[in-house]
Amino acid sequence: MDLTGAYASLGSDLGNAFSLVLLSVVGLVMVVWDSLRNDHRAIPWIGVAASVLAISFELLRMPGPAEKIFYGLMWAGGYASFVNIIILAATAFTLAISVHYLDRIGHNYGEVYSLVVFASAGMIVLGSANSLITVFVGLETMSICLYILTGLVRTEEGSVESALKYFLLGAFSTGFFLYGIALLYAATGTLYLDEMPAALAGGAGSEVLLWGGVGLLFIGFLFKVSAAPFHMWTPDVYQGAPTTLTGYMSTASKASAFAALVLVVYHALPAERWMLVLAIVAAATMILGNVVAIAQSNVKRMLAYSSIAHAGYVLVGIAAGTTAGYSGALFYLLVYTLMNIGAFGVMAALEWDGHVGQKQDLDSLAGIGYRKPLLGVSMGFFMFSLTGFPPLGGFIGKYAVFAPAIDAGLTWLVIVGLLTSAASAYYYLRVLYVFWMKSPEEEAAPALDQLMASPLSMSTSVVLVVCAGLLLVLGIYPGVLESTTLFFSDSAAAVAAIR
Amino acid sequence: MLSDFIPLFLSMVMAGGLALTLLKAAEIFGPKRPNVTKRAAYESGMDPIGTARDRYSIKFYLVAMIFIVFDVEVVFLYPWAVSFRDFIAAGEAGGVLAVVFLFIIILGIGLLYDIKKGGLDFDDLRHQREFQGR
């Protein structure tokens with residue numbers, strides 16, 4: 001193999017992968033810092049600073065077209081930057097709201113923050129991959145960090161249970177994923193996503209291998225994004241994990257897995273062959289997530305089913321199979337990240353049962369809106385946005401995924417989506433009803449008084465206000481959606497030109 | 001063709017011969033002071049007879065885990081060493097050395113973390129108390 005200039009070109013690509021390199025290095029710095037000064041207060045803020053720096057870099061890179069780096073293993077710039085911004089924002093928000101929360105539950109370790117940063121580095125690899133091996137490496141880096149974070153509160157039975165379930169099922173689904181990669185490689189003879197269409201058009205490989213590979217690959221992806229037949233782990237895992245980290249898992253890891261799925265279906269697999277499969281999965285996911293969420297009394301469990309439902313909405317955009325659908329799905333992921341991090345952040349600030357919220361039902365939060373107005377009002381933003389009310393981001397996000405689906409002829413799917421999101425109003429708005437219109441019960445009073453005595457931390461308030469504000473901006477300023485759509489189709493054109 | 005394998009066969013014969021010779025030599029020349037523990041079947045330090053659901057120190061688990069991590073990671077050095085000549089031929093020796101040093105530094109950070117968090121302190125009660133305090 002000709003290796004001349006290999007390291008020079010790798011070195012010059014390091015600048016293109018700035019946020020990935022920065023997060024990896026900062027993660028190592030955090031580990032060293034934690035070794036020398038055990039659980040030092042500064043550790044999370046190093047991660048926040050690095051994420052913010054990386055976000056500003058990616059904002060500069062985003063307007064340009066996406067280009068291949070590291071010998072075509074990854075994308076940088078364009079939509080890769082957009083996905084990285086979602087991941088980095090989720091990381092910064094999670095680190096900021098976790099400090100106070102983990103302090104309160106007595107598990108504020110320095111390792112947590114470096115694991116979050118390492119997981120984010122894995123997500124960046126996953127979300128901007130151009131090779132199936134890169135997808136796999138990113139997926140595993142992310143998942144292993146998340147398994148550990150899920151079982152953080154190891155004295156709590158439910159937490160250990162959720163970590164073990166997540167680990168066993170996650171490892172199992174990874175097996176499916178890897179078999180899918182192997183079969184796809186057998187069918188096409190390449191691991192690079194953008195080379196697959198040419199290999200398929202050349203008639204190489206057998207149909208059976210291709211369909212087997214695509215099926216197994218989709219199972220792996222649908223497991224990670226908790227779509228309907230593969231969603232079983234989600235409620236238990238989300239309920240047992242520490243609340244702020246649940247918010248992180250349900251947003252950043254889903255955003256990066258969806259981004260990788262978009263890259264796979266956009267670059268590698270011709271549209272019409274899998275459209276119906278994804279449409280059926282999307283319909284099942286939306287119906288199941290929304291219907292089961294109605295019956296939940298535990299708030300974290302309700303939010304877990306709601307995140308299943310939102311995976312269904314994103315899949316509607318992807319099932320449309322057009323560039324508008326893909327960019328709509330990516331935009332929806334941005335909105336979804338903001339509102340879910342916010343909702344889990346509010347729940348973390350209101351958690352008082354001492355079991356990472358596993359036993360805290362909705363009624364225990366009665367009348368909280370008057371006692372903690374900031375939490376009550378911001379929860380209003382998040383719940384209305386999750387339901388899809390204008391003028392908030394959730395409305396524009398739903399429009400961005402449903403409109404391309406209608407254009408693609410999936411009207412029945414959009415009808416299912418609209419009906420189920422109408423049903424979701426019941427359980428989202430019930431939270432607000434309990435927050436503002438119900439008076440607290442007597443037996444909850446002592447624990448609540450204790451909660452009231454601890455003030456809301458500055459960082460949590462800032463994150464909640466920023467999330468709510470951004471949702472409002474995304475909802476009333478359509479230029480954001482328009483520019484993301486444009487840059488996606490721009491980079492699509494550029495990709496087509498490179499081909 | 002077959003003659004290519006003669007060194008391999010030779011080394012196999014030598015390995016087997018050496019092992020048998022040493023065992024026999026130990027039997028002939030070695031001192032014999034048997035006791036119960038010595039005569040028991042070797043089970044990596046566990047009692048070979050009795051219940052397997054016994055309590056043992058969590059340190060064993062920790063050491064095994066650390067061993068697996070460093071053992072598996074160091075295996076990555078073999079493919080690097082094998083392809084090193086190709087990189088020298090391509091004039092990329094500096095780059096490939098830098099990369100492998102980076103890899104070793106990362107491993108070193110893992111070791112630093114392990115030592116500082118007390119993963120290798122078997123008798124230090126300070127770390128144990130800190131651990132239990134959590």
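The values are calculated or read from the model by the stated rules, or taken from the named source; none is laboratory data. None of these values were measured; they are calculated from a predicted model. Backbone-built Cβ (ideal geometry, glycine too); neighbour counts: all protein chains shown.
Being at pLDDT 70 or above, over 30 Å from A:Trp75 (Cβ atoms) and more than 22 Å from the chain's Cα centre (by Cα), is that true of even one residue in region A:477-496?
no
Take the residues in region B:64-76 that are among the β-branched types (Val, Ile, Thr) and surrounded by 13 or more Cβ atoms within 10 Å (Cβ to Cβ); name whichever of them is farthest from the other protein chains (Cβ to nearest Cβ). It would help to see each step written out before you state the result.
Going residue by residue through region B:64-76, those that are among the β-branched types (Val, Ile, Thr) are B:66, B:68-69, B:72, B:74-75.
Then keep just the ones that are surrounded by 13 or more Cβ atoms within 10 Å (Cβ to Cβ); that gives B:66, B:69.
Values: B:Ile66: 14, B:Val69: 12 Å.
The selected residue is B:Ile66.
For region B:44-63, which positions are away from chain A (no Cβ under 14 Å) and surrounded by 10 or more Cβ atoms within 10 Å (Cβ to Cβ)?
B:Met46, B:Asp47, B:Lys59, B:Phe60, B:Leu62, B:Val63
Among the residues of region A:192-208, is any among the acidic types (Asp, Glu) and under 26 Å from A:Glu67 (Cβ atoms)?
Yes, region A:192-208 has at least one match.
If I go through region B:95-110 residue by residue, how many of them are more than 21 Å from A:Asp34 (Cβ to Cβ) and at the interface with another protein chain (Cβ under 9 Å from one of its Cβ atoms)?
Counting residues in region B:95-110 that are more than 21 Å from A:Asp34 (Cβ to Cβ) and at the interface with another protein chain (Cβ under 9 Å from one of its Cβ atoms) gives 4.
Which residues, taken from region A:29-56, are more than 15 Å from B:Lys117 (Cα to Cα), without any contact (Cβ under 8 Å) to a residue 24 or more places away in the chain and within 14 Å of chain B (Cβ to nearest Cβ)?
Across region A:29-56, the qualifying residue is only A:Val29.
Could we say that B:Tyr113 is part of a helix (DSSP H, G or I), of a type in the set (Ser, Thr, Tyr), farther than 18 Å from A:Ser9 by Cβ and away from every other protein chain (no Cβ under 11 Å) here?
In short, no.
Name the one entry in A:Ala252, A:Ala187, A:Ala228 that is over 13 Å from the mean Cα position of the chain (by Cα), buried (at least 19 other Cβ atoms within 10 Å of the Cβ) and closer than 24 Å to A:Ile341 by Cβ.
Numbers: A:Ala252 fails: over 13 Å from the mean Cα position of the chain (by Cα); A:Ala187 fails: closer than 24 Å to A:Ile341 by Cβ.
It is A:Ala228.
From the list A:Val135, A:Val112, which one is of a type outside the set (Gly, Ala, Ser) and more than 14 Å from chain B (Cβ to nearest Cβ)?
Step by step, each of A:Val135, A:Val112 is checked, and only A:Val135 is of a type outside the set (Gly, Ala, Ser) and more than 14 Å from chain B (Cβ to nearest Cβ).
Filter region A:74-118 for residues that are within 30 Å of A:Ser12 (Cα to Cα) and touching a Phe, Trp or Tyr at 6+ places or on another chain (Cβ under 8 Å); which is modelled with the lowest pLDDT?
A:Gly78
Looking at (1) assigned to a helix (DSSP H, G or I); (2) over 19 Å from A:Gly469 (Cβ atoms); (3) small (Gly, Ala, Ser), which is the only condition A:Gly376 fails?
(2)
Kindly establish whether A:Ser120 is crowded, with 24+ Cβ neighbours inside 10 Å and among the small types (Gly, Ala, Ser). Full working, then the answer.
Numbers: crowded, with 24+ Cβ neighbours inside 10 Å: yes; among the small types (Gly, Ala, Ser): yes.
Considered against the rule, which asks whether it is crowded, with 24+ Cβ neighbours inside 10 Å and among the small types (Gly, Ala, Ser), A:Ser120 comes out as yes.
Identify the residue in region A:196-236 that is among the charged types (D, E, K, R) and modelled with pLDDT of 85 or more and, among all such residues, is nearest to A:Leu73 (Cα to Cα).
It comes out as A:Lys224.
Looking at (1) modelled with pLDDT of 70 or more; (2) in a helix (DSSP H, G or I), can you tell me which one A:Ala447 breaks?
Checking A:Ala447 against (1) modelled with pLDDT of 70 or more; (2) in a helix (DSSP H, G or I), the one that fails is (1).
Sort out which residues of region A:144-164 are among the hydroxyl-bearing types (Ser, Thr, Tyr), surrounded by fewer than 22 Cβ atoms within 10 Å (Cβ to Cβ) and in a helix (DSSP H, G or I), and write them in order of number.
Across region A:144-164, the qualifying residue is only A:Tyr147.
Which numbered condition trips up A:Asp103, out of (1) within 30 Å of A:Trp352 (Cβ to Cβ); (2) touching a Gly at 6+ places or on another chain (Cβ under 9 Å); (3) free of Cβ contacts under 8 Å to residues at least 60 places away in the same chain; (4) not hydrophobic (A, V, I, L, M, F, W, C)?
(2)
Of the conditions (1) under 28 Å from A:Val465 (Cα atoms); (2) at pLDDT 90 or above, A:Asp34 satisfies every one except a single condition; which number is it?
Answer for A:Asp34: the failing condition is (1).
Limited to region A:96-109, what total is found for residues that are within 14 Å of chain B (Cβ to nearest Cβ) and part of a helix (DSSP H, G or I)?
Matching residues across region A:96-109 total 2.
For region A:31-52: of the residues being surrounded by fewer than 17 Cβ atoms within 10 Å (Cβ to Cβ) and among the aliphatic types (A, V, I, L, M), which is farthest from A:His107 (Cα to Cα)?
The residue in question is A:Val52.
Quick check on this structure: which one of B:Phe70, B:Phe60 is free of Cβ contacts under 8 Å to residues at least 24 places away in the same chain, part of a helix (DSSP H, G or I), within 30 Å of B:Ile106 (Cα to Cα) and not hydroxyl-bearing (Ser, Thr, Tyr)?
B:Phe60
Look through region A:12-21, keep the residues that are more than 14 Å from every other protein chain (Cβ to nearest Cβ) and either within 25 Å of the chain's Cα centre (by Cα) or over 19 Å from B:Gly95 (Cβ atoms) (or both), and return whichever of them is surrounded by the most Cβ atoms within 10 Å (Cβ to Cβ).
A:Ser19
Could you give every pair whose Cβ atoms fall below 6 Å, whose first residue belongs to region B:77-94 and is facing chain A (nearest Cβ under 9 Å) and acidic (Asp, Glu), and whose second residue is assigned to a helix (DSSP H, G or I) and surrounded by 11 or more Cβ atoms within 10 Å (Cβ to Cβ), counting only separations of at least 6 or pairs across chains?
B:Glu92/A:Ala6; B:Glu92/A:Tyr7
Of the residues A:Ser24, A:Ser9, which is of a type outside the set (A, V, I, L, M, F, W, C) and either away from every other protein chain (no Cβ under 14 Å) or surrounded by fewer than 19 Cβ atoms within 10 Å (Cβ to Cβ) (or both)?
Residue meeting the stated conditions: A:Ser9.
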